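Report on one structure; see the data block that follows.
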Amino acid sequence: MYIIVDDRESVTNSYVGGLVREGVSSIGFTSGEFWDWLQSANESDLAAVDAFLLGDCDARGSLPRAMRKRSAAPIIAMSGQKMLKNTLELFEAGVDDVVHVPIHLREILARTAAIARRRVGELPRPCESRIQVFFNGRDPEIAGHALTLPRRELRILEYMVSNHGKWITKTQIFNAVYGIFESTFDESVIESHVSKLRKKLRDRLGFDAIVARRYVGYRLNIPANEAIDEPMQDLDEVGILLNRAQAAPAAYPAGN
């Protein structure tokens, strides 16, 4: 989930709408609303945040450090001023990256993915891989053949790959796919999505790649000789949480 902080409602609405069209759950806050939410949010809610997008607001100089105290998610500042002084001030305030608007949403997603990869470091790359997940909206491949998945099943697989070998709860998966503020759907919908994904992987791999345990959750478990490779793409292809559908280009409005 992406959180956009900007005191201009039209800007937050533009970003939220664009990200939703890309299949990315998101929500917009004014700086005051965000302060209140940040102080009261629990660890589970904070763990669902993929990145903070910090726009134009009075508290921009102090917000990054407050964010970092509670979350390790990337903080990207969006600036309408292409001035070195302004850019340096934003980095000094604690942001991870500064982008200048207008900017294509896919570049923001690419930068988020790049920050996350730098933090975890490069994973070992096996010479031969049974499963490849690209994190850019492209269908995953098993033994070199594409596996076409609906958008939400793809998102679940991406999330499981990011947490390979770890037990993850139904709530964690729901928050990653639908966002922590979603009230239209119930968490039980995840059981159906995972069941369908599990069957598709089993049919292709010949074994259960997803282990389910009652009251615990789910775990993606690929044997070492069938390890997952997460190939880096060029910057214009790298994405995170993108949906597979071809969405119309979305850009951040430069005006107030």
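Considering only residues of the stretch 177-191 that are β-branched (Val, Ile, Thr) and part of a loop (DSSP other than H, G, I, E, B), which is nearest to the chain's Cα centre (by Cα)?
Ranking the qualifying residues of the stretch 177-191, first place goes to 180.
Quick test for you: out of 79, 31, pick the one residue that is modelled with pLDDT of 90 or more and touching a Cys at 6+ places or on another chain (Cβ under 6 Å).
31
Which one of 77, 59, 73 is free of Cβ contacts under 8 Å to residues at least 40 places away in the same chain, assigned to a loop (DSSP other than H, G, I, E, B) and buried (at least 17 other Cβ atoms within 10 Å of the Cβ)?
Exactly one residue qualifies, and that residue is 73.
Residues of the stretch 132-176 being part of a helix (DSSP H, G or I) and either among the small types (Gly, Ala, Ser) or in contact with an Asp or Glu (Cβ under 9 Å, 6 or more places away or on another chain) (or both), which ones?
154, 161, 162, 170, 171, 173, 174, 175, 176
Under 8 Å between Cβ atoms, at least 6 apart or on separate chains: pull out the pairs that start in the stretch 134-160 with a residue that is farther than 18 Å from residue 110 by Cα and modelled with pLDDT under 85 and end on any residue that is buried (at least 18 other Cβ atoms within 10 Å of the Cβ) and not small (Gly, Ala, Ser).
143/130; 151/243
Using the structure shown, decide if residue 111 is at pLDDT 80 or above and out of contact with any Pro (no Cβ under 7 Å at 6 or more places or on another chain).
For residue 111, the condition - at pLDDT 80 or above and out of contact with any Pro (no Cβ under 7 Å at 6 or more places or on another chain) - is met.
Specify the residue that is least open to solvent (accessible area, probe 1.4 Å); the eligible residues are those in the stretch 162-175 that are at pLDDT below 85 and at negative phi.
Checked the stretch 162-175; the qualifying residue least open to solvent (accessible area, probe 1.4 Å) is 163.
Which one of these does residue 66 not meet: (1) in a helix (DSSP H, G or I); (2) touching a helix residue (DSSP H, G or I) at 6+ places or on another chain (Cβ under 7 Å); (3) open to solvent by less than 10 Å² (accessible area, probe 1.4 Å); (4) of a type in the set (A, V, I, L, M)?
Going through (1) in a helix (DSSP H, G or I); (2) touching a helix residue (DSSP H, G or I) at 6+ places or on another chain (Cβ under 7 Å); (3) open to solvent by less than 10 Å² (accessible area, probe 1.4 Å); (4) of a type in the set (A, V, I, L, M) one by one, residue 66 breaks only (3).
State the number of residues belonging to the stretch 18-45 that are under 16 Å from the mean Cα position of the chain (by Cα) and open to solvent by 10 Å² or more (accessible area, probe 1.4 Å).
Number satisfying all stated conditions: 9.
The values are calculated or read from the model by the stated rules, or taken from the named source; none is laboratory data. Note that the structure is a prediction, hence the values are computed from the model and not measured. For neighbour counting, all protein chains shown are included, and Cβ atoms are generated from backbone atoms with ideal geometry for every residue, glycine included. For the accessible areas, the whole protein counts, side chains as well, though only heavy atoms, and no ligand, DNA or RNA atoms are used. Shrake-Rupley method; radii C 1.70, N 1.55, O 1.52, S 1.80 Å.
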